[in-house]
Amino acid sequence: MPTRDTTQVVTLLRWLLIMFFVVLGYLVLSYLAAVLAPILTAFGISYLLNPALERLVRRGASRAVGAGLLLVTFLGVLVVVLAAFMPKVVHQLGDFVDHLPQFVDTLSAWTQQHLNIALPAKWKDYVASDHLRQTLGEAEGPLRNIAGAAVGGAFSVLGVLAELLLVPVFAFYFLTDWPHILRRIDHMIPPRRRAEIREVAHDIDRVVAGWVRGQAIVTSLLAVLYAVAFTAIGMPLSLPIGLLVGALTVIPFVGTFVGASIAVLVTLASGGSAQMLGMVAGVILVLHLVEAAVLTPKIVGHRVGLSESGALLAVVAGGKLLGFVGVVLAVPIAATVAVLVRYAVRFYEHTSFFGHESDADVVITPAMALIMPGVVPGAKVIAAEPEPMADPVPELEPELPPLDQDRNDRDAWMADAELPLGPSGISRFPKPEDLP
């Protein structure tokens, strides 16, 4: 029979092994991030579409046909949206690049006048300045990668197209094989732990699915609303800035602030008036309130189970560890960790180290105090006052016969009467021999 020390050593080694595999998985994912990108994208699409597929299957459709219809519909909607917005976005971005030196001059004059900050007067001067060289030096790694991709030429284009074509293929197989994948994973779980692991997985799925699907709807709605609102007020670069601000709302707190800063900066650089700047700020404020008060509570709800401070901390930590991808995935990962922590706390509360209820104080009534001490070893007895009855039932007095009635009648009455128990009952009635 294993001793207590042996059990603790085995538990410690088990947790160390789990931590080792977690770190190993993080390193492998970091190293293979570029290779796994289409697979993870396909998994995200299938995870998003799986509830709709389950509804189709329940109505009698085959899984393969339903998956094909959903993917064709999803890709069709994506193509229509890109065809509707991309030409205008490209046109506005081209105009912005053509007028970039003029925008820099305008922004330089505004900062010099209002903030007393001197920027290079000309775009060419800024390009030749040490500040840009320093910026390029800091971005040397990404620029080198971009240059390498450009040198690749046609091969790089073909590689990107191949990855894009692999995404719907992987998504189709994920959707069709989803029940089989779940059965295989469930079969590998030890039977003695299967029920509790299923419960944990169900809670994680509920939290992550609620956030992913809800946030996708909220982000899409906000992107369209920002683009339409910025176009309505005549803001420069209304479509790309609106779509960007809406897309950045997927990042809690930070995304809205960054998007608003970009919108205000572009408005100032394009020579927008104070009225235009006020309208841009008003649109951002109103849509942010709509998001916080209506869209997010109604669509996403409180399924994530994270406080605002916890979500902000998760975003900062995700950005430090994984960059932009970590910022986007910070909230669902933190929600998953929160679910695991809750189950870990519940497991800890059932360990011998935490103890049992018999170790706690026991609240009993004064009547129970006569028999409870000693039943719970080491427990501290706290006597509780009995709660008064709301409406005590009045005790009914039996109707006594007249004193001049015959003794036999009195004896018969005493024998047939229902006498109440207790000190206020039988002892208050006189004995037959005491009666006259």
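Every read-out reported here was derived from the displayed coordinates using simple, explicitly stated rules and does not represent laboratory data. Here the structure is a predicted model, which means the values were calculated and not measured. A quick note on method: Cβ atoms are made from the backbone with ideal geometry, for glycine too, and the neighbour counts reach across all protein chains shown.
Ordered by the number of other Cβ atoms lying within 10 Å of each residue's own Cβ, fewest first, LEU277, LEU225 fall into the sequence LEU277, LEU225.
Modelled spin-label separation between LEU277 and LEU321, with each label point placed 7 Å from Cα along the Cα-to-Cβ direction: 4.0 nm.
Ordering TRP211, TRP178, TRP15 by the number of other Cβ atoms within 10 Å of each residue's own Cβ, fewest first, gives TRP15, TRP178, TRP211. Neighbour counts of C-beta atoms inside 10 Å place LEU75, LEU221 in the sequence LEU75, LEU221, starting with the fewest.
Can you compute the modelled spin-label distance between HIS91 and LEU13, with each label point 7 Å from Cα toward Cβ, in nm? Each label point lies 7 Å from its Cα, and together they span 7.0 nm. Qualifying trypsin sites (Lys or Arg not before Pro) in the stretch 34-81, where qualification requires a DSSP coil assignment and no more than 14 other C-beta atoms within 10 Å, comprise ARG59. Modelled this way, with points 7 Å down the Cα-to-C-beta line, the labels at LEU289 and ASP177 are 5.1 nm from one another. Short-range pairs are left out: with C-alpha atoms under 8 Å and at least six residues apart, the relative contact order of the stretch 189-353 is 26 percent.
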